[in-house]
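Comments concern the structure below.
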Amino acid sequence: MSLPVSPESLLNALYETHPDPVLIINAERKFIASNAAASKVFGYSEEEFLELGPAQFYQSAEDAREMAEAFYPLDKEIKRVHRRFNFLRRDKSVIPVELTANTIKDADGKALGLVAILRDLSETIEAQAERLRAETILNAALASISEGFVVFDEKDRLVLCNDAYREIYPLTAPAMKVGATFESILRYGLAKGQYPEAGDTADSQEAWLQERLAKHRNPDGPIIQQAGPDRWLQIDERVTDENYRVGLRTDVSALRWIKSEAEQFGLIIEGVGQEVFLFDLATTGVISANKHARDNLQYSMEEIRGMTPLDFTVGMTRERLAAKVAPLVSGETKVLNFDTERRRKDGSSYMCRVRLERMEDGGAPMLVAFAEDITERLEIERALERKQHEFETLVQNLPDFITRAKPDTTLTYINANYARFIGQRAEDIVGRKFLEFIPEGEQKDLVEHLQSLSPDNPIETSEQLMVGPAGEKLWYLWSNLMVFEDGKPLELVSVGRDITEIHEAQNRIATQSRELELRNTALEQFSGIVSHDLKAPLRQIRLFSDMIAEDISVGRHDDLEMFSGYISERSEALEQMVSNLLEYSQLAYQAINPERFLLSEVIAVAWDNLAAIAAESGGRLIPDTDIEIEADWTLTIQLFQNLFANSMKYRDKNKPAVIRVSALREHDIVRIAVEDNGIGIDPAESERIFGVFQRLHSDEKLYSGSGIGLALCRRIAESHGGRIVLDTSVQKGARFVVTLPAKPVPAASE
């Protein structure tokens, strides 16, 4: 019976209900119809499809061009195309499709357009990928199994085997090809000598082969097979519901030797130098004891078997024994260590160190005990403890510092003297880095010193400045030993000794040496002065005295008054030079007494001492010296007084002297500048002006003076550990720069 359905209705129903997208394209390459599946897959409505063309759906422009050239113009002979492409959805996501396209013709055979059916391949591709992943995982799993794994199909042909299976049978491996039968593989191995247990004759090998095939086809349990001279395998085979045979090969070579090894182990235990017991965990009775245990306790095996630790342990009661083994009985622990006193059969005793272990052998749990006579060891340990105590007492009471630290300076041990110096408890210091207790300015040098230690040069000494709990600064000489292991630093051991007094003595010696050098230099200058400057007026006095004597002898008296005036003038000059030398020697080598004061205070006193000269010359002082220094009060006044006097003496006669004083602290020094607007000093004379009796102006009537003022200034600055120089960069006037230490300098002894 036929349905009253027209072909057009049937075609339309198939078109609308087709599960894959169906698209109709006209001769102008425009969509003229699309089914519901096309809208669902690509995301366009039927109306939106009418505005689009096929080229907009291809991910690749090359694919779009190739398909257009294949069908257009429509009168080409191509009737059908079936290919795979990547298309784009409305949201620009990519969808893999299988495209089937045909031309649509009218009754006369004229091509009117194309019909395209697109099958979504996303799920198919995902399924293929999933299968590939599963195969990869399976192969990886098989490769990771240490046992040999093999599968034969219902016709006993090899399906797969892992690498471990091939490694177990290296001589047979070349025959293990997919599709090869189990029998062919066995025969290949027999020919190569893979199975020693098969024998050497053809008959024995054939018999072995038939027996092996029978067990393979009807497995009824594990079998042991020899696969080499020293290699034994356990073979487990199963038959699946599909009549596949799955086999597993496990190397059990070690199991073949368990019995003999156990026997050998028993002989070893019997001969060891420790006592070895085996106890029943439930009753604590002795099951077995080795020879050393029997000899030490003086019992035979028959006597000791069945005894409990109560029978040969001093002071042991049933309650104490139960409490001792309770953690082992409950399974809380498997090992116990303790010391106990054993009693021999003759009543004598000895100390033992015991190790109890719980053993599980599949039956009743047991205890194995290892006991060692530690009488001699205890005596040694007690002696070591005494020595350790004596050593610790010595270390803790030494006046030196003793520390141990990791290579990164983390302290692991300190003695009491070091803890007292730091002012903290030892337990609060250990675990901290000792760099914390070193002044910041000294840390870099210390780190470099420690880094210089090497396996070839593991010990060095260094001096370090340390700050005590009261803020006092002390010098310590540290001997640092770096312990190395395999070329790597393991531990730093350091011993520090207080050398503050030695350091101060060295500073005093250095200061005295510097003083002596200055005195010697001054003595040389003095010798030159005596030989030259002092002799000059003496020669003039003697010359004029001779001239007076000569004139008197001949009766000439006209020049006597003039000659007498010259002698008087030269005598006064000589007297002034002697006075100046006396002043220089008194001030230049005076021991300094440092004290702390404001620089502005000594500047004010020095200026007040020159009040008369300042008033006469119109001199003006501009101080900018609000800074504290530590120096000798009297000598510092004399220094600035000399500088101020020089500035007013060598002023420009056309304008009053203006003197400016400024000071600046830079780290550990104080820099003081005295600047004037006078006639200035030639830079070439910047050093000569500090010599004794060195004058730059020969006309004493214009610029009077002895030439020791600046020499005295330099001597005072150097006695404080400082210096004074002329700033040669100044073009107008003169500028002297005095540099003094910011911390006190130890006074030199006379």
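If you filter region 427-445 down to residues that are free of Cβ contacts under 8 Å to residues at least 24 places away in the same chain and not in a helix (DSSP H, G or I), you find that the one that is nearest to Phe401 (Cα to Cα) is Val430. Checking each residue in region 614-639 for being part of a helix (DSSP H, G or I) and closer than 20 Å to Ala711 by Cβ picks out Thr634, Leu635, Thr636, Ile637, Gln638, Leu639. The number of residues in region 464-508 that are over 14 Å from Ile422 (Cα atoms) and within 28 Å of the chain's Cα centre (by Cα) comes to 19. Give the number of residues within region 218-229 that are in a strand (DSSP E or B) and more than 15 Å from Tyr169 (Cα to Cα). Of the residues in region 218-229, 1 are in a strand (DSSP E or B) and more than 15 Å from Tyr169 (Cα to Cα). When region 64-120 is filtered for residues that are loosely packed, with under 14 Cβ neighbours inside 10 Å, in a strand (DSSP E or B) and of a type in the set (D, E, K, R), the ones remaining, listed by number, are Arg80, Arg83, Arg84, Lys105.
The single residue among Ser462, Ser452, Ser479 that is assigned by TED's automatic domain parsing to the domain that holds Lys433, free of Cβ contacts under 8 Å to residues at least 24 places away in the same chain and surrounded by 15 or more Cβ atoms within 10 Å (Cβ to Cβ) turns out to be Ser462. On inspection, Gly347 passes the criterion of being at positive phi and exposed (fewer than 15 other Cβ atoms within 10 Å of the Cβ). With of a type in the set (D, E, K, R) and either under 15 Å from Leu233 (Cα atoms) or within 58 Å of the chain's Cα centre (by Cα) (or both) as the only criterion, which of Glu183, Glu147, Glu206, Glu154 stands out? None of the others qualify; the one that does is Glu147. Leu310 satisfies every condition listed in (1) within 15 Å of Met366 (Cβ to Cβ); (2) surrounded by fewer than 13 Cβ atoms within 10 Å (Cβ to Cβ); (3) more than 55 Å from the chain's Cα centre (by Cα); (4) modelled with pLDDT of 85 or more except (1). Pairing residues of region 709-730 that are over 13 Å from Ala684 (Cα atoms) and in the same structural domain as Thr636 (by TED's automatic domain parsing) with residues that are in a helix (DSSP H, G or I) and among the β-branched types (Val, Ile, Thr), at Cβ distances under 6 Å and at least 6 apart in sequence or on separate chains, gives Leu710/Ile689. Scanning region 230-254 for residues that are outside any strand (DSSP E or B) and under 54 Å from the mean Cα position of the chain (by Cα) yields Asp230, Val252, Ser253, Ala254. Can you tell me which residue among Ser749, Ser706 is crowded, with 16+ Cβ neighbours inside 10 Å, at pLDDT below 85 and over 17 Å from Leu621 (Cβ atoms)? It is Ser706. Test Lys155 against the criterion of being part of a loop (DSSP other than H, G, I, E, B) and either at pLDDT 90 or above or surrounded by 14 or more Cβ atoms within 10 Å (Cβ to Cβ) (or both), and give yes or no. So Lys155 fits the description; yes. Screening the candidates Ala631, Ala663, Ala673, Ala711 for the property of being touching a helix residue (DSSP H, G or I) at 6+ places or on another chain (Cβ under 7 Å), modelled with pLDDT of 85 or more and not acidic (Asp, Glu) yields one hit, Ala663.
Restricted to region 280-390, the set of helices (runs of 4 or more DSSP H) holding at least 1 residues that are farther than 22 Å from Glu270 by Cα and of a type in the set (D, E, K, R) comprises 318-330. With respect to Asn580, determine if the residue is modelled with pLDDT under 90 and over 30 Å from Asp546 (Cα atoms). Considered against the rule, which asks whether it is modelled with pLDDT under 90 and over 30 Å from Asp546 (Cα atoms), Asn580 comes out as no. Kindly establish whether Pro170 is modelled with pLDDT of 90 or more, assigned to a loop (DSSP other than H, G, I, E, B) and at negative phi. Yes; evaluated as a whole, the condition is true for this residue. Here the condition is being more than 52 Å from the chain's Cα centre (by Cα) and part of a helix (DSSP H, G or I); of Glu123, Glu130, it holds for Glu123 alone. Residues that are among the polar types (S, T, N, Q) and over 25 Å from Glu376 (Cα atoms) occur at least once in region 304-320.
Can you say whether Ala214 is loosely packed, with under 15 Cβ neighbours inside 10 Å and at pLDDT 90 or above, as far as the supplied structure shows? When the stated conditions are applied, Ala214 passes them.
On the stretch given as region 173-198, residues that are in a loop (DSSP other than H, G, I, E, B) and touching a Gly at 6+ places or on another chain (Cβ under 9 Å) total 2.
The values are calculated or read from the model by the stated rules, or taken from the named source; none is laboratory data. Nothing here was measured: the structure is a model prediction, and the numbers come from that model. With ideal geometry, Cβ positions are generated from the backbone for all residues, glycine too; neighbour counts draw on all protein chains shown.
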